[in-house]
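The block underneath contains the structure these notes are about, expressed in structure tokens.
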Amino acid sequence: MSALPEPGRGPGPGPLTTSPLPPAASALPALRHQFKGGKAELVERFARTHRPSAASATRLLRALARHVDGTLCELWDQQRLNALAPGATLVAVGGFGRGELFPQSDVDLLVLLPEAKGGADEEHAAAPARDAVAGFVTACWDIGLECGSAVRTVAECLAESARDVTVQTSLLEARFVCGNKRLFNTLRSALDRAMDARAFFTAKTLEMRQRHVKYEGTPYALEPNCKESPGGLRDLQVVIWVARAAGLGRTWAELAAKGLITPFEASQLVKHEGTLKLIRARLHAIAGRREDRLVFDLQTSVAESFGLKPTKGQRSSEALMHRYSGAAKAVTQLNQILMLNIEERIVGSEKAPMRPLSMRFFDRGGALEVASDDLYLRHPHAILETFLVFGQTPGLQGLSARTLRALYNARTVMNAEFRRDPVNRKLFMEILRAPGRQTHALRLMNQTSVLGRYLWVFRRIVGRMQHDLFHVYTVDQHILMVVRNMRRFFIPEHAHEYPFCSQLAAQWDKPWLLYVAAIFHDVAKGRGGDHSELGAVEARRFNRDHDIDEEDASLIEFLVKHHLTMSHLAQKEDLSDPEVIRGFARLMGTPRRLNALYLLTVADIRGTSPKVWNAWKGKLLEDLYRLTLRALGGAQPNADAEIESRKVEARQMLALHSALPGTEEPLWKTLEVSYFARHDAADIAWHARSLWRHVQTTEPIVRARPSSVGEGLQVLVYSPDQPDLFARICGYFDNAGFSIQDAKIHTTRAGYALDTFQVASTLVEEDSEVDYRSLISLVETQAAAALAASGPLPEPRRGRVSRRVRSFPVIPRVSLNPDERAQRWLLTVSASDRSGLLYAVARVLAAHRINLQLAKVTTLGERVEDTFLVDGPALQQPKAQLRIESEILDAVATPA
């Protein structure tokens, strides 16, 4: 039995090889000629269209599907399938099941057979039917139909569908072609009864997220896949699939009738879907093969087929890509709105209580919700306030469907008057000056078209391609990537990535200055002339409009104007020449300017492509930095000033405890910068005092003390590292009745785990006296014994949830994203808090032999937001990734 391919993913194993019963030898050549001639005529007629429209593409796709239908029915009759395989049914599945076929797409087929009644005689009697079907599939290939085929009974279809969501998706779009209509209806009814809409939604959401990661998570790739990339046709198909599975509709009009989208949004979906179909159809027709990527080689030809001509400032390919990116961005926005709306319908959360944040905004299960649909039309200032509130409110993960829709419909409000409004200018600066989350806020602003409508200069580079050999992002995505890189320099959890940059950033007093410089450094690309000079002019105008003081404005303008200087100098000049260094030092003027430009340069290079940055470039830049700093007479930063301050304070604390000088050295020599960035001086001193005699221990060391913040204990675990160590630690706390409130995980250079936990006992009544001496002794003894034990990990407890969680349920969310080198992965888990939750996650990681390098556990009331830096061979396999995400979702799901 052949495998059923995913819709549109290509053929299965090819024609079956059992002996067929062929029709008359002369029939196949005639049918082949008829099929190929008819297809060629349809495609040629479409290709001759000088100014093609979405309607012409739709006519072609439907005509090709009808042409294949007719050919298949004729071949079915020629093969005498009704006689040789009585009761058999030919079913179109996948993309072909939608009644549309792109010029070079495969034809996905299912031959449905009646159930055998059992017994050897029945099996023997069914053999001729199988042979006849094999002959039919072979004949399909003989006449030029490239098909992916499967031969199954209804029971087999149900079994495969239950095992594989790809098969389930293919069958969701099953369409009768010819044969036994009653058998097809039986299949359709059985599939509908077996559908679990919630599980299907979860599976397709995880699949979509993984696909987005594969394509860099942006609709603005330089060579996008118009089917699979974010904002491509697949994003629209996913919406229809999950809506259809939930019984909410099969077309945009039906979704509008159910209130999931507005009539205007439905018309926009039709428009942009038509654009994407048209581009893909022209791409197939021009390439003459199945090519869904708008590769550089084909962009100009496709553009010319649309009648697009180059102009003085724009290539025809750029005009095409601008058209594509506009459609893809709209699809991305509408996909978000619809998927959130459908999720609310499926899980029944649209009527759940919401936590008020202000008169204008609510927290709906981690999504920011507007108080009314017309909020932005009545109060335009609330548009930028949305992103300020998002950045200032811990636990918010995104915008709700209602908010996204309100922003989508308020685009006309963001006009010149909106941009000149002093209140809006103040709000934008508050977003940049906020303590954190600028990257998330700016990306959301770009996704919702707010950033380009507020910063009009930014709007001109949204979706703009960069024709060079190292930028893999469009200009706007590159800029936001640089902002992200800059922001990471100030986050301790990312200190392991570029420790020297993190050291410099810790001494910087105004991070927002660097964010502004990052936003404007490439904002003038595509105009002709020197984009650094033109960008400095734009930065000067921004500084004036936003009342930035003269000193800060001068630095921003300087950084934008010279953002390429350090990179060019480091890679092209002789750094051993004293004149080169003196000249660069004169240009810098002060160590402050040098520090800022170094940080911007590293962030910029890292933001061009994951493959561009390397250790060699890093060494050249650092050498130039150090030589210039010496020429300026500044102190060479051997370490982060803040970290050095913590070390000094920690040594003083050790002395107060009568520790001998140098007590800390054996341990500190094994620690990375990120350890000191994440622990305060008191913790650093406690660790050194507790472990100075055990740095090379072979047994687990556990130490505990009363927490310095709130109730509970602070527990230190030091042990030779092993794959399931973190899970065993969490398992002990779970079984001992402790709730983990915070965890800081670190692995030393010597291969030891140094983990610190903030725990609270769930067995101790509030306001009761706690015998900490006995509790500490118990934890230190039992935890060490539990970690030294071997054997399988115990099953996690399904802890009870609070009344508040039952009233304000949090939809569990899991995301797994690679770093730039796909060597480490950032796992984030959001769920309702309960005892045993962290152990449940750790157990899944241990089962897949995922190594934990860093963990940050954050409890926000009744919600947890956990972040883990992990690695392991399983993360390199897409199917394993999906399995890990699915198992974590099951593990953190709120018990009924």
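The values are calculated or read from the model by the stated rules, or taken from the named source; none is laboratory data. Computed from a predicted model, the values in this text were never measured in an experiment. Here Cβ is always computed from backbone atoms with ideal geometry, including for glycine, and neighbour counts include all displayed protein chains. These area figures cover heavy atoms from the full protein model, side chains too; ligands, DNA and RNA do not enter into them. Shrake-Rupley method; radii C 1.70, N 1.55, O 1.52, S 1.80 Å.
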(request) Would you mind calculating the gained length between SER790 and TRP456 on full extension (0.36 nm times residue separation, minus the Cα-Cα distance), in nm to one decimal? (result) 114.0 nm
(message) Tell me whether region 287-400 comes out rounded, prolate or oblate; compute the Cα gyration tensor, take square roots of the eigenvalues as a ≥ b ≥ c, and use a/c under 1.5 as the rounded threshold.
(response) prolate
(request) Could you calculate the contour length gain from LYS510 to MET429, that is, 0.36 nm times the residue separation minus the distance between their Cα atoms, to one decimal place in nm? (result) 27.9 nm
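Carbon and sulfur atoms: what percent of the 1.4 Å accessible area of region 439-570 do they account for?
Reported share for carbon and sulfur atoms: 50 percent.
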(message) How far apart, in nanometres, would the label points at ARG586 and LEU564 be if each is projected 7 angstrom from Cα along the Cα-to-Cβ direction?
(response) 2.3 nm
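Using only helices, what value at 222 nm comes out for the chain when you add -39,500 (n - 2.57) per DSSP H run of length 4 or more and divide by the total residues, to the nearest 500 deg cm²/dmol?
Values: 40 runs with 481 residues, N = 896.
So the calculated ellipticity at 222 nm is -16500 deg cm²/dmol.
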(message) Multiplying the sequence separation of ASP530 and MET359 by 0.36 nm and subtracting their Cα-Cα distance, what value in nm do you get?
(response) 56.9 nm
(request) Could you name the lysines whose alpha carbon sits less than 17 Å from that of LYS879, not counting residues in the same chain fewer than 8 places away? (result) LYS204, LYS214
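Counting only heavy atoms of protein chains, what accessible area per residue, in Å², does region 515-617 have with a probe of 1.4 Å?
43 Å²
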(message) Taking R0 as 30 Å, what FRET efficiency do you get between SER301 and ARG59 from their Cβ-Cβ distance, rounded to the nearest 0.05?
(response) 0.85
(request) With everything on Cα atoms, drop me the angle between helix 120-142 and the longest principal axis of the chain, reported from 0 to 90° to the nearest 10. (result) 80 degrees
(message) With +1 assigned to the C-beta of every Lys and Arg and -1 to the C-beta of every Asp and Glu, and no other charges, what is the dipole magnitude of the chain about the Cα centre in debye, to the nearest 20?
(response) 2320 debye
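What does the charge count around ALA327 come to, taking other residues whose C-beta lies under 12 Å from its C-beta (Lys +1, Arg +1, Asp -1, Glu -1)?
Numbers: positive: LYS271, LYS277, ARG280, ARG323, LYS329; negative: ASP235, GLU273.
Residues near ALA327 contribute +3 overall.
Beta carbons within 10 angstrom, averaged per residue: use that to sort the peptides 867-877, 674-684, 836-846, 336-346, highest first.
Numbers: 867-877: 17.0, 674-684: 19.6, 836-846: 25.9, 336-346: 22.1.
Ranking, from highest mean packing down: 836-846, 336-346, 674-684, 867-877.
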(message) Using Cα-Cα distances under 8 Å and only pairs 6 or more residues apart, what relative contact order does the chain have, in percent?
(response) 8 percent
(message) Rounded, prolate or oblate, given the Cα gyration tensor of region 396-524, with a/c below 1.5 counting as rounded?
(response) prolate
(request) With a Förster radius of 30 Å, plug the Cβ-Cβ distance of GLN853 and GLN392 into 1/(1 + (r/R0)^6) and report the FRET value to the nearest 0.05. (result) 0.55
(request) Just check region 153-294 against the gyration tensor rule for me: Cα atoms, a ≥ b ≥ c as the square roots of the eigenvalues, rounded for a/c under 1.5, and otherwise prolate or oblate depending on whether a/b exceeds b/c. (result) prolate
(request) Could I have the simple spin-label model distance between ASP680 and ALA40, label points 7 Å from Cα toward Cβ, reported in nm to one decimal? (result) 7.9 nm
(request) Please give the FRET efficiency for ARG420 paired with GLU579, using the beta carbon to beta carbon distance and R0 = 56 Å, rounded to the nearest 0.05. (result) 0.75
(message) Quick check: pseudo-label points 7 Å beyond the Cα along Cα→Cβ at ASP819 and ARG182, how many nm apart are they?
(response) 6.4 nm
(request) Within region 419-436, which residues have the backbone N less than 20 Å from the label spot 7 Å out from ASP549 along Cα→beta-carbon, could you tell me? (result) 426-435
(message) Straight-line reach from LYS309: which lysines fall under 29 Å, measuring Cα to Cα and dropping same-chain residues less than 8 apart?
(response) LYS227, LYS271, LYS277, LYS329, LYS525
